Amino acid sequence: MTCAKRRGVSLLELIVTMAIFCALLTAVVLIELGMRRSSPREDAHSQAFRAVMTSLELIRSEVEGAYVQPQSTTALLYYPSLVADARVPLGPSGVAEAQSEAQLRKEADGTLVRLQDGQRRVVSHLGQDGEFTFGFPKPNLLQIHLKAVPSELGSYAADLHLHLANQQ
């Protein structure tokens, strides 16, 4: 008895190989689809994070050494510091001398803007559902809440507490 030389692949081997290949191909396609679905969500969340952090950094750098008007409710009114020691010179009435008033406010379209000397500068886009609120829990403490909602896919919120050196 002699063994016949085996030629080619059997039908069973071919079916097993095709099943393994199809399983791998299905796994790759599912991973790709999952990544495509999560990418816009991550982009929206990243955009919201950048908007909030950019806004908070600008507010911190400008308002920390400024005189802030505690009476304002719709816009954050302040007199930015233009001197080296980051202090605004105050007059006898407690109002900043020789400084032009600046304000931060959220517009109806969700844009956070800075207005000073008739110039409008866009700080960030918080989105229609974004929030910009502030308050004074203590006389020298400014509490700011920002929330960016650039789309329905993502949002980011943060709070900032500033100890103000130039308040009365």
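Answer yes or no: is there a residue in region 62-81 that is at pLDDT below 85 and part of a helix (DSSP H, G or I).
Yes - at least one qualifying residue is present in region 62-81.
With at pLDDT below 90, crowded, with 19+ Cβ neighbours inside 10 Å, within 30 Å of His45 (Cβ to Cβ) and under 17 Å from the mean Cα position of the chain (by Cα) as the only criterion, which of Ser124, Ser151 stands out? Talk me through it step by step, then tell me what you get.
Details: Ser151 fails: crowded, with 19+ Cβ neighbours inside 10 Å.
Answer to the check: Ser124.
Report every pair of residues separated by at least 6 positions or lying on different chains whose Cβ atoms are under 6 Å apart, first residue within region 57-78 and touching a residue at least 24 places away in the same chain (Cβ under 8 Å), second in a helix (DSSP H, G or I).
Filtered contacts from region 57-78: Tyr78/Val63.
Of (1) modelled with pLDDT of 60 or more; (2) surrounded by 11 or more Cβ atoms within 10 Å (Cβ to Cβ), Ala108 satisfies all except one. Which?
Going through the list (1) modelled with pLDDT of 60 or more; (2) surrounded by 11 or more Cβ atoms within 10 Å (Cβ to Cβ), Ala108 breaks only (2).
Just to be sure before I move on: is Val9 over 29 Å from Gly127 (Cβ atoms), outside any helix (DSSP H, G or I) and hydrophobic (A, V, I, L, M, F, W, C) in the structure I sent? Full working, then the answer.
Numbers: over 29 Å from Gly127 (Cβ atoms): yes; outside any helix (DSSP H, G or I): yes; hydrophobic (A, V, I, L, M, F, W, C): yes.
So Val9 passes the test.
The values are calculated or read from the model by the stated rules, or taken from the named source; none is laboratory data. Nothing here was measured: the structure is a model prediction, and the numbers come from that model. Don't worry about glycine lacking a Cβ; one is built from the backbone with ideal geometry, like all the others, and counts go over all protein chains shown.
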